[in-house]
Structure formats: structure tokens, C-alpha cells
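First comes the structure, then the notes that go with it.
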Amino acid sequence: MEILSVLKFEIHRNIKSILIFAGVIGGFILLMSSIFEPAFFAEYNDIMSTISPEVLELIGGIVDMSTFEGFFNLYIFEFAWMWYGLYIILIVAQDIPEELEKKTIDLVLSKPVKRWEFVVGKQLRHLMTILTVLVFSVVFTLFAILINPNIIVAEVDIGGFIVCFVWLGVLLFAIESTVVLISTIFDRKKSTAVGFAIVMGLWFLSAYSGSIPVDNIEYLSFFTYFDSRSVLIDQDFTGTLGNILILFGYSLILSLLANIYFTKRDIPV
């Protein structure tokens with residue numbers, strides 16, 4: 001099977017950029033964690049308590065920022081689609097279209113590589129990128145917890161952090177598979193624009209569903225199925241596995257659709 005050949009080539013070609021991105025994210029987590037100070041962020045809680053219930057409902061309620069879990073969830077996990085997702089969108093949206101536009105795909109497909117193997121190999125490279133970044137994220141998060149004197153290690157739910165990072169990985173897979181499907185249809189510029197628009201639109205749909213007069217509309221967005229707050233802050237794992245399976249199933253379906261479309265589409269020589 002030529003999937004591994006495609007994956008090996010892609011990893012070799014992109015290993016430097018993968019490690020740089022992982023290092024940047026890890027460094028960002030370390031930097032953000034260093035500013036955590038319970039006394040300072042306790043004042044944030046006092047300010048938030050003065051906000052009207054309507055506004056609090058819109059933004060998801062008050063999060064206790066005097067705990068490291070609350071701080072980390074707000075600044076890292078709540079905006080993970082930005083810190084992690086935008087880079088994933090950018091590389092995925094341009095990957096396959098660039099091969100088509102530069103005609104380098106002709107060299108690949110002239111070898112005994114089926115089109116679906118080509119797409120799967122590309123996706124595996126994206127998933128390796130996600131895995132590498134998450135491993136760096138976990139390591140740097142644990143390091144930040146150990147070196148910050150304002151954090152009492154014994155009081156931190158390490159297991160909750162690990163579960164949330166695994167859950168984040170599946171969410172990023174959902175983003176990746178969405179954009180992969182788009183990239184098999186459009187050129188680089190359109191894939192990037194449409195990818196950003198759809199992902200940001202889905203995030204807005206989930207984050208601000210309370211302001212949209214349509215019941216349960218948030219369930220149309222895969223972001224709804226990522227709720228790190230329930231695990232990290234409320235320590236409630238109810239529905240976590242189900243949400244992870246929904247995201248994983250969604251990702252597999254879109255990956256399959258991307259393979260089917262790319263296999264059947266006409267590629268001009």
C-alpha cells in the first residue's frame with residue numbers, strides 16, 4: 001500500500017515546519033501560563049459578577065479565573081480553534097490544490113499511487129502535525145504547572161487536562177476533514193477563503209447560538225461537541241465520550257466524501 005510512502009514523503013518534506021509550529025504553540029502555552037496569579041484574577045471574578053444575567057448567558061457564564069483550570073480553559077481551550085485551528089486550515093486548504101496547480105500531482109499519480117491513497121497520505125500527515133502539536137502542548141502545560149509558584153500541583157486535575165487535549169485533537173481532526181473536503185473541490189485561494197469562512201461561521205454558530213432565534217441550532221456546529229469546561233472546571237465527564245465519538249464519526253464521513261470526490265473528479269493534465 002502506497003499510503004505510507006506518501007506519508008513518509010510528506011513528513012520528510014514538512015518536518016521542520018511541523019516542529020516549529022509545535023514549538024511556537026508550546027512556548028505560547030508556557031508564556032500564557034506564566035502570567036497566572038490567583039489574587040489578580042480573583043478581581044476579574046468580582047468584575048464579572050456585576051454583569052447582567054443576560055450578558056453572562058451569552059458568554060457562557062462566569063468562569064472562576066482564580067483557578068488554573070479556569071484560567072487555562074478560557075485562554076487556551078476556548079480559543080483553541082484560533083491558536084491551533086487557523087494554522088491547520090491554512091496548511092490543509094493549500095495542500096492538495098497546490099499539488100494540482102503546480103502539476104506536481106502528475107508525478108505522484110504516475111507512480112503506482114491511487115488517488116484515495118494520495119488523499120489519505122496527505123491527511124495522515126495533517127494528523128501527525130496535530131498529534132505532534134498536542135504532545136508538545138501537554139509537555140509544556142505540565143512544565144508550566146510545575147514551575148509556576150502560584151500553582152499548587154496537588155490541586156491541579158492533570159487527568160482533566162489530558163482528556164481535554166485528546167478531545168481537542170478530535171476537534172482539530174473535524175476541522176481538518178472539513179477543509180480537506182473543501183480543498184478537493186476548489187483552488188488554493190477559494191479553499192482557504194471558504195475554509196476560514198465555514199470554520200469561523202460554525203464557531204460563531206456555537207458560541208453565540210443564544211442570540212439566534214432558532215432552537216438547537218448550535219448542534220449544527222461541531223464546536224458544540226467540544227466542551228472542555230465541563231471536564232476541566234465542572235469535572236463532569238457525562239457525555240464526553242459521546243461527543244468525542246460524534247466528532248470522530250463526522251471527521252471520518254467528511255474524509256470519505258473527500259476521497260470519493262477526489263477519486264472521481266477530472267484532473268486536467
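Check Phe237, Phe262, Phe223 and return the single one that is farther than 19 Å from Lys122 by Cβ and in a helix (DSSP H, G or I). I'd like the intermediate steps shown before the answer.
On the way: Phe237 fails: in a helix (DSSP H, G or I); Phe262 fails: farther than 19 Å from Lys122 by Cβ.
Only one candidate passes the filter, namely Phe223.
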task: Would you point out the residue of the stretch 214-247, among those that are exposed (fewer than 14 other Cβ atoms within 10 Å of the Cβ) and of a type in the set (Phe, Trp, Tyr), that is farthest from Ile76 (Cα to Cα)?
output: Tyr219
query: Somewhere in the stretch 149-159, is a residue closer than 30 Å to Leu257 by Cβ and modelled with pLDDT under 90?
result: no
statement: Of the candidates Asp266, Asp236, the one satisfying the condition of being touching a Ser or Thr at 6+ places or on another chain (Cβ under 9 Å) and charged (D, E, K, R) is Asp236
message: For the list (1) of a type in the set (Phe, Trp, Tyr); (2) farther than 23 Å from Leu90 by Cβ; (3) part of a helix (DSSP H, G or I), I need the number of the one condition that Trp203 fails.
response: (2)
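Just give me the residues in the stretch 75-86 being in contact with a Lys or Arg (Cβ under 9 Å, 6 or more places away or on another chain) and modelled with pLDDT under 90, in sequence order.
Glu78
Quick grid of which residues meet (1) surrounded by fewer than 17 Cβ atoms within 10 Å (Cβ to Cβ); (2) in a helix (DSSP H, G or I); (3) polar (S, T, N, Q):
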site: Ile130; (1), (2), (3): no, yes, no
site: Leu134; (1), (2), (3): no, yes, no
site: Pro149; (1), (2), (3): yes, no, no
site: Ala154; (1), (2), (3): yes, yes, no
site: Ala174; (1), (2), (3): no, yes, no
site: Lys189; (1), (2), (3): yes, yes, no
- request: From the list Leu168, Leu100, pick out the single residue that is part of a helix (DSSP H, G or I) and touching a helix residue (DSSP H, G or I) at 6+ places or on another chain (Cβ under 7 Å).
  value: Leu168
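The values are calculated or read from the model by the stated rules, or taken from the named source; none is laboratory data. If you're wondering where the values come from, they're calculated on a predicted model, not measured in any experiment. Note: ideal-geometry Cβ built from the backbone for every residue, glycine included; neighbour counts use all protein chains shown.
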